[in-house]
Protein chains: 2
Amino acid sequence: MALQVGIVGGGQLARMMIAPAVELGIGIRVLAEQSGMSAQLAASQVGDYHDLDTVLAFAKDVDVITFDHEHVPQDVLRGLVAAGVAVHPGPDALTFAQDKLRMRARLAELGLPQPEWAAVADAAALDAFISDHGGRAVVKTPRGGYDGKGVRVVAAAAEAAEWFDGLGEGEELLAEELVAFDRELAQQIARRPSGDFVIYPVVETVQQDGVCAEAIAPAPHSAGRLADVAAEIGEAIATGLDVTGMLAVELFQTGDGRLLVNELAMRPHNSGHWTQDGAITSQFEQHLRAVLDLPLGDTALRARHAVMVNILGGPREGALADRMPDALAAHPAAKIHTYGKDPRPGRKVGHVNVADDDLDTAVYEARAAAAFFLD
Amino acid sequence: MALQVGIVGGGQLARMMIAPAVELGIGIRVLAEQSGMSAQLAASQVGDYHDLDTVLAFAKDVDVITFDHEHVPQDVLRGLVAAGVAVHPGPDALTFAQDKLRMRARLAELGLPQPEWAAVADAAALDAFISDHGGRAVVKTPRGGYDGKGVRVVAAAAEAAEWFDGLGEGEELLAEELVAFDRELAQQIARRPSGDFVIYPVVETVQQDGVCAEAIAPAPHSAGRLADVAAEIGEAIATGLDVTGMLAVELFQTGDGRLLVNELAMRPHNSGHWTQDGAITSQFEQHLRAVLDLPLGDTALRARHAVMVNILGGPREGALADRMPDALAAHPAAKIHTYGKDPRPGRKVGHVNVADDDLDTAVYEARAAAAFFLD
């Protein structure tokens, strides 16, 4: 019998697992939040992932449950495990992706480099942190944030007043020093339940308004110490947090050459989309292999360089498909991926990958092809 | 709105169009002959492609109808066109893929190099052809053959007696000289309805019992004249027969350096499977782009060499999936594709692609990985 993977969540990450599943002969089914989502083709069911019975019914006859996102509640995750379902990444690992305060505390225990941080329960605590850290701080809601949501740079606690007002009993916000970084990097790593892992080349990411806009693989001038340190951090987190499947570690590179852990994602991540056309094994194939505890694939690049540029928002009028002919005609070597989503300002609706032995060519081609899809 | 392609036939060629359709954001639906076929994931309907009403219903709301195979009857094809459905390749082109006698006659009109041939209506005519061509000939049923079926090497007409007995009024068999070739090549070309086309590097194919077993891209020692001649033949056929979508031209290379046209396929073809992992644009993506009249993609290789080795038959006991862990563990850079089919002697159940700058490495890795799936 073919192996069967069940993915909770019908977004573009689930969609992008379809191709490698089909190629490897792995059965794939998706529990989608609604019909017509990005992963529609593999959606075997529409249902609410907050409901344990729904997810248990979906999990029947699959070899493993994995995820398009990190929002499945802990009681549902633990209910699955209690029912004997293989869940990767598991509930314990996912607590650190679901709660940034827990993540910071765990990375501190592991001695990993990260921005200075504190749990702040009220405005006075945040203002004290701000005044201790140069008059500004990053404040984050520990749960539910992504793509810049739930993250705010403040000079006074008053700017996060409604977040404090919304805190429940015993809840706190996360305050972090505002790191004066030179650039942002991302480290992808895949790890099997058995502990085996493989590491991708560290990439440079360019953010726009808190959203990943570009990734360049490998990160320019990273060969040697920088790549080694990023890989060591990736390995320490994957192992220390018992992550299974793909892990993305977002890093700040500071002016004095330190790497500090910014965020974690325990799934395929936007900063790894370049692997689809730029690496021997894509992060989506690797995630499937890892969560099924299959041997992992080669993470080497297919060309010297690979560049990914997001299509953010899409055309103001019409559909992405309307722009496809001109983009394909102008850029025959660009790999254009779209997610079956309607254009909306700031929304991730697709991306372009280019692999090339010349970095300037890869950057130019990917940016120019992506530009066809914007107004 | 996203473009929609409808594929008649649920085999592995339809299956392998799923990945590029998902990536490009093209809607894909399949009319499968039965449930549980290779392209099951995209199968929107099960039905008989010999029935025009069934195919017309399937074709509703698609932008183009294309095919997993060449067996759809002409009356169905022409019924679709009459109803205003875009059909690529079209009925006229497909007659040449469906009837080898018509193909030979048309290539002769175009002045293209091919084995000597004749239409033979009875045993006497075939025996005369045999004695004129060194005592042996290849005899073929003009319709319905593939993968060595309907093809026989004979020294006397009596060896094809039941084929003559089965001929209807006015029907003939095809007799061809038995070419003493040095090796077999295959030329892939993609052509849009607008006439634009792109050409892949010519590949060497290795046949086993009439079935493609391996493909090596580009064909060793083909650079220069050989590649140019193969490309010219491909272009002449694509244009002369008005082929739309992918065309594969199987060629004999003779000891004196001539190329002779053996067979044609108007669809993605086994000799082009290497493009999935070895070329910038796979033949499956290219086929979708061509039949939708979208601009075509770059046909350049991703590495210096690419090798495809078929998995023929599969394990005598158990499923392909049982062998996957060991194969993946031993060959992390091999791309293993399986088709969701049960093993059966001689059946094409999957293939392995390896792209590498070193040819020996690519050949070794692909063969060794494929060998894990055989007894």
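Structure values in brief
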read-out: Filter result for the condition that a residue is buried (at least 23 other Cβ atoms within 10 Å of the Cβ), touching a strand residue (DSSP E or B) at 6+ places or on another chain (Cβ under 8 Å) and part of a loop (DSSP other than H, G, I, E, B), over A:GLY10, A:GLY6; value: A:GLY10
read-out: Single residue of A:ALA223, A:ALA190 found to be at pLDDT below 95, in the same structural domain as A:GLY346 (by TED's automatic domain parsing) and among the small types (Gly, Ala, Ser); value: A:ALA223
read-out: B:ARG225 vs. criteria closer than 25 Å to B:GLY278 by Cα, buried (at least 16 other Cβ atoms within 10 Å of the Cβ) and charged (D, E, K, R); value: no
read-out: Of all residues making up region B:309-321, the number that are of a type outside the set (A, V, I, L, M) and modelled with pLDDT of 95 or more; value: 1
read-out: Region B:2-16 residues that are more than 13 Å from every other protein chain (Cβ to nearest Cβ) and more than 13 Å from B:PHE58 (Cβ to Cβ), paired with ones that are of a type outside the set (Val, Ile, Thr) and assigned to a loop (DSSP other than H, G, I, E, B) (beta carbon under 6 Å, 6 or more apart); value: B:GLY11/B:SER38; B:GLY11/B:ASP68
read-out: Exclusive hit being assigned to a loop (DSSP other than H, G, I, E, B) and either of a type in the set (A, V, I, L, M) or buried (at least 21 other Cβ atoms within 10 Å of the Cβ) (or both), set B:LEU251, B:LEU247, B:LEU294; value: B:LEU294
read-out: Selection status of A:MET16, within 21 Å of the chain's Cα centre (by Cα) and surrounded by 23 or more Cβ atoms within 10 Å (Cβ to Cβ); value: yes
read-out: Some residue of region B:67-78 being under 21 Å from B:ALA290 (Cα atoms) and free of Cβ contacts under 8 Å to residues at least 40 places away in the same chain; value: yes
read-out: Those residues of region B:42-61 which are surrounded by fewer than 21 Cβ atoms within 10 Å (Cβ to Cβ) and within 14 Å of chain A (Cβ to nearest Cβ), in sequence order; value: B:SER44
read-out: Filter result for the condition that a residue is over 20 Å from B:LEU264 (Cβ atoms), of a type in the set (A, V, I, L, M, F, W, C) and either within 21 Å of the chain's Cα centre (by Cα) or assigned to a loop (DSSP other than H, G, I, E, B) (or both), over B:LEU167, B:LEU185; value: B:LEU167
read-out: Residue count, region A:24-33 (criterion: surrounded by 24 or more Cβ atoms within 10 Å (Cβ to Cβ) and among the acidic types (Asp, Glu)); value: 0
read-out: Number of the condition not met by B:ASP256 [criteria: (1) without any contact (Cβ under 8 Å) to a residue 24 or more places away in the chain; (2) in a helix (DSSP H, G or I)]; value: (2)
read-out: Enumeration of residues in region B:274-291 that are in contact with a strand residue (DSSP E or B) (Cβ under 9 Å, 6 or more places away or on another chain) and hydroxyl-bearing (Ser, Thr, Tyr); value: B:THR275, B:THR281
read-out: Of the criteria (1) more than 9 Å from every other protein chain (Cβ to nearest Cβ); (2) assigned to a loop (DSSP other than H, G, I, E, B); (3) among the polar types (S, T, N, Q), which one B:THR281 fails; value: (1)
read-out: Enumeration of residues in region A:308-336 that are touching a Leu at 6+ places or on another chain (Cβ under 6 Å) and hydrophobic (A, V, I, L, M, F, W, C); value: A:ALA321, A:LEU328
read-out: Residues (buried (at least 19 other Cβ atoms within 10 Å of the Cβ) and hydrophobic (A, V, I, L, M, F, W, C)) located in region A:200-212; value: A:VAL202, A:VAL203, A:CYS212
read-out: Residue selected from region A:339-373 under the condition of a type in the set (Val, Ile, Thr) and farther than 30 Å from A:GLY9 by Cβ, by the criterion surrounded by the fewest Cβ atoms within 10 Å (Cβ to Cβ); value: A:THR361
read-out: Tally of residues being among the acidic types (Asp, Glu) and under 20 Å from A:ILE233 (Cα atoms) across region A:185-216; value: 2
read-out: Residue match in region A:195-207 (condition: more than 19 Å from A:MET103 (Cβ to Cβ), β-branched (Val, Ile, Thr) and part of a loop (DSSP other than H, G, I, E, B)); value: yes
read-out: Test: A:VAL307 is of a type in the set (Val, Ile, Thr), outside any helix (DSSP H, G or I) and within 12 Å of chain B (Cβ to nearest Cβ); value: no
read-out: Residue within region B:359-372 that is at positive phi and within 12 Å of another protein chain (Cβ to nearest Cβ) present; value: no
read-out: Scope region B:259-278; condition charged (D, E, K, R) and farther than 16 Å from B:ARG183 by Cβ; matching residues; value: B:ARG267, B:ASP277
read-out: Residue in region B:347-355 that is within 9 Å of another protein chain (Cβ to nearest Cβ), touching a residue at least 40 places away in the same chain (Cβ under 8 Å) and under 22 Å from A:GLY297 (Cβ atoms) present; value: yes
read-out: Residue satisfying condition, being in contact with a helix residue (DSSP H, G or I) (Cβ under 7 Å, 6 or more places away or on another chain), modelled with pLDDT of 95 or more and at positive phi, within set B:GLY79, B:GLY25, B:GLY84; value: B:GLY25
read-out: Members of region B:295-310 found to be free of Cβ contacts under 8 Å to residues at least 60 places away in the same chain and either among the basic types (Lys, Arg) or over 28 Å from B:PRO220 (Cβ atoms) (or both), listed by number; value: B:ARG302, B:ARG304
read-out: Residue check for A:GLY36: under 26 Å from A:ILE336 (Cα atoms), more than 18 Å from the chain's Cα centre (by Cα), surrounded by fewer than 22 Cβ atoms within 10 Å (Cβ to Cβ) and not polar (S, T, N, Q); value: yes
read-out: Candidate set from region B:17-41 (those that are assigned to a helix (DSSP H, G or I) and under 17 Å from A:ILE26 (Cβ atoms)); member that is nearest to the other protein chains (Cβ to nearest Cβ); value: B:ALA19
read-out: Residue that is nearest to the other protein chains (Cβ to nearest Cβ), among those in region B:311-339 that are in contact (Cβ under 8 Å) with a residue 60 or more places away in the chain and touching a helix residue (DSSP H, G or I) at 6+ places or on another chain (Cβ under 7 Å); value: B:HIS337
read-out: Out of A:LEU260, A:LEU328, A:LEU301, sole residue that is at pLDDT 95 or above, in contact with a Ser or Thr (Cβ under 8 Å, 6 or more places away or on another chain), hydrophobic (A, V, I, L, M, F, W, C) and surrounded by fewer than 24 Cβ atoms within 10 Å (Cβ to Cβ); value: A:LEU260
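The values are calculated or read from the model by the stated rules, or taken from the named source; none is laboratory data. None of these values were measured; they are calculated from a predicted model. Cβ: placed from backbone, ideal geometry, glycine included. Neighbour counts: every protein chain shown.
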